[in-house]
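K.L.:
Next up is a structure, given as structure tokens.
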Amino acid sequence: MTNVQGGAPARLKLPLGQVLGLLGPYVRRRLGEQVKAVWLIVLYLVAFQTLVLDIPIFGASIVALGIVLVVVGLSFFMEGLLLGLMPLGEMIGVRLPQKSRLPTILLFAFVLGVGATFAEPAVGVLKAAGASVKAWDAPLLYLLLNQRADDLVVAVGVGVGIAVVLGMLRFLYGWSLKPFIYVLVPLLLALSLWAAFDPNLIHVTGLAWDCGGVTTGPVTVPLVLALGIGICRVVARDGEGGGGGFGVVTLASAVPIVAVLLLGIALQGSVPKPAAEADFLGAAQRERAAALFESPAQMTGYVLSHASAEGQLAYFGGHEAMLDAVRRLAASEAEQVAAFGVDGAARFRAWAVTQADEAQKLAVFGSAEALRRAADAYAAAPERASNLVEVTARNVVAALQAIVPLSVLFFLVLWLVLRERARRVDELLLGIGLAVVGMTIFGMGIELGLSRLGGQVGDKLPAAFKAVELGDQRQVIRQFDPALVHTAIAEDGTQARFFYLQQGGGVVALPFDEAKLDPASGSYTFTPSKGPLFGEAGALAGIVVVLAFAFVMGYGATLAEPALNALGRTVEEITVGTFRKSLLMQAVAVGVGLGMLFGVAKIVWGVPLIALLAPPYLLLLVLTRLASEEFVNIGWDSAGVTTGPITVPLVLAMGLGVGGQVGVVEGFGILAMASVYPIVTVLAVSLWASRRREAALRDTALPR
């Protein structure tokens, strides 16, 4: 409220009850928008795993908490963008062309693209993906996702920065998007084809293409469009230049793929080629293999945690040398931290109890009695869920590192370059604060909820067509007595050993595998399995179920994306009703469903990604040539709405989970496939709609 006489702003003070009464409906509406984006896909995943595969959700309470945090965090985050970062971006977009020369505008656009990438919530998911890749299977991919994860994010950011520069030039000069497509698509296909013949680069291709989907999230797109809209208002005569704001998302998806592939090419000479585990860890490869780790101690911890017995013997140079190394670790907490990272002592003891072989356990604990006490203490300890304090602290730091530098950049440009003071600074600061809080909560939700749920579904999905061990239902039976093992005989005379276990108020018969008995600790480890859904003879039918699951997931999740609904309204207005909102939404949803189907097929059958990407992209070059500029901008940008903040962590985690179960080196590529097919379907439908409109116009023009 403003004091008209004095010109000074007067603040209206309301009681707390009235403030809450005014804010209540607004908050409910904002939360409702995010619930609509989340509930359908989450319910679908949970229902498929529990009802179709008949496998319960492990840690359901933590997953549920994570999903609630995702909804709340995304609500805060989007509100912070609307109040703080987007107004700043649009303000600078309006003033920058008026007061600065082209080099300054482009420099700011580049820095904005890089900064927005670091602020993207889904970028952090890429770093978490490194845990599922074995160093000897894909050394270059392992390096990019672990030791050089920050370099990977920088490469993606530089790619987005270059894309934003190109997008601003399009806004300024009204360039067509088609020439960019004619250059970028052949370049990407050529690089991917070359990578397909290199044993290291072939595994980076899926990561690179999926990075294109990660970049078009809730930070990059709104900020870039806000800057572009501001520039269009000044120089593009009512926003006509550059396709009315469309096309930037396409560039922000494509250029980072080039950047990641080039980074992989630059680093491929520093890593060994993929090899059998024992050969990779042997003395001959030691020096080159060590380049994948920060220190020899870290490599030792990785080998103990991830390598087989054969690989460990090759690495240490023999059984006694291995046991000596384990004893040194057991005697020094500092070495445990160096080998196993933060909380190294606890991680080392957990490894010794749950993963080490009998000789290693005795080397750590000294006697069978000490081992039994340690095993009993470990079993009696509370469930080792993620420490909420650690998760919160980690995500607070990540949110501050992402949002604060970007905000400082905006204010510095406003004050030092444009020589202006920001209006409603308190509102802008509130928005920035909400963005930090929202990103913190959202990151916690991804870690505790979405990534866990996606990983679980991915791990269990192959149970439709093959037997899958349910590792999260593993049971350790203490003080196991081998005398309780019985023998059963089948009609054909074959024998099988089993034992009875009292469980859940009843008694169940479980198969006995002597390899799972640990005489040193007197414990027996039993891991139940599930599948195939239709028996051994129905593997093909199970795969069909999995592919159908992928299609329905992509289709339903896309229709639930709020960004698609907004895009549909915009397209209907731009095309004056020719391309109806419902038609666009169905075209995009069907395209994403097809992309998810082909992406899962790529992982299940181990098909090279280039073999699945080349046909649709070559078809797109033809469709782009035939379609009008208006529909080319709309069609290519429609892929951006398919990779929202909910879809990306779920799909990435699910793909990696499926890949781990079916034995492929990596599970990337689903996002890439889910991004290309909606462009195909939208451009194809747009050509059909254009032909129908032209036919209708001809009919009305004919003399009666």
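K.L.:
Just to be sure I follow the rule: in the chain, considering lysines 8 or more places apart or on different chains, how many pairs have Cα atoms under 19 Å apart?
P.N.:
The number of close lysine pairs in the chain is 8.
K.L.:
Here's something else I'd like to know. With a 1.4 Å probe and every protein chain kept in, tell me what percent of the accessible surface of the stretch 97-221 is carbon plus sulfur.
P.N.:
68
K.L.:
OK, next. Quote the convex hull volume per residue of the stretch 151-203, based on C-alpha atoms, as a whole number of Å³.
P.N.:
68
K.L.:
Which value in deg cm²/dmol, rounded to the nearest 500, describes the helix-derived mean residue ellipticity at 222 nm for the chain, given -39,500 (n - 2.57) per DSSP H run of n ≥ 4 and division by the residue count?
P.N.:
My calculation for the chain gives -21500 deg cm²/dmol from helical runs alone.
K.L.:
So what is Rg over Rh here for the stretch 294-399, counting just Cα atoms and using Kirkwood for Rh?
P.N.:
Rg/Rh for the stretch 294-399 comes to 1.01.
K.L.:
I need the semi-axes of the equivalent ellipsoid of the stretch 516-613: take the C-alpha gyration tensor, multiply each eigenvalue by 5, square-root it, list largest first in whole angstrom.
P.N.:
One finds semi-axes of 44, 17, 13 Å for the stretch 516-613.
K.L.:
Here is a further query. Taking the Cα centre of the chain as the origin, how large is its charge dipole in debye, to the nearest 20, when only Lys and Arg (+1) and Asp and Glu (-1) carry charge on their Cβ atoms?
P.N.:
Magnitude of the dipole: close to 2660 debye.
K.L.:
Zone of ALA539 (label point 7 Å along Cα→Cβ, backbone N under 20 Å): which residues in the stretch 458-491?
P.N.:
459-470
K.L.:
If you put +1 on each Lys and Arg Cβ and -1 on each Asp and Glu Cβ, how big is the dipole of the stretch 435-531 around its Cα centre, in Debye rounded to 20?
P.N.:
260
K.L.:
If you don't mind, another one. Grab the Cα-Cα distance for TRP194 and ALA291, subtract it from 0.36 nm times how many residues apart they are, and report the gain in nm with one decimal.
P.N.:
Here the segment from TRP194 to ALA291 would lengthen by 32.5 nm.
K.L.:
Accessible area per residue, 1.4 Å probe, Å², for the chain: what's the number?
P.N.:
Spelled out: the 1.4 Å probe surface of the chain, per residue, equals 44 Å².
K.L.:
Counting only Cα atoms, I'd like the Rg/Rh figure for the chain, Kirkwood definition for Rh.
P.N.:
1.01
K.L.:
In terms of the Cα gyration tensor, with a ≥ b ≥ c the square roots of its eigenvalues, is the stretch 65-173 rounded because a/c is under 1.5, prolate because a/b exceeds b/c, or oblate?
P.N.:
Verdict is oblate for the stretch 65-173.
K.L.:
Let me ask something else about it. Considering only C-alpha atoms, what is the centroid distance from the stretch 489-503 to the stretch 44-117, in Å?
P.N.:
First find each Cα centre; the distance between them is then 54 Å.
K.L.:
Here's a follow-up. Provide the percentage of antiparallel DSSP beta bridges, counting only those with both residues in the chain; round to the nearest 5.
P.N.:
100
K.L.:
Full extension from LEU501 to LEU187: what is 0.36 nm times the residue separation minus their Cα-Cα distance, to one decimal in nm?
P.N.:
107.0 nm
K.L.:
With Cβ to Cβ distances under 14 Å as the rule, what net charge do the other residues near ALA520 carry (K, R +1; D, E -1)?
P.N.:
0
The values are calculated or read from the model by the stated rules, or taken from the named source; none is laboratory data. Small disclaimer: the values here were computed from a predicted structure and weren't measured. Neighbour counts run over all protein chains shown; Cβ positions are idealised from the backbone, glycine included. Heavy atoms of the whole protein, side chains included, go into the accessibility calculation; ligands, DNA and RNA do not. Shrake-Rupley method; radii C 1.70, N 1.55, O 1.52, S 1.80 Å.
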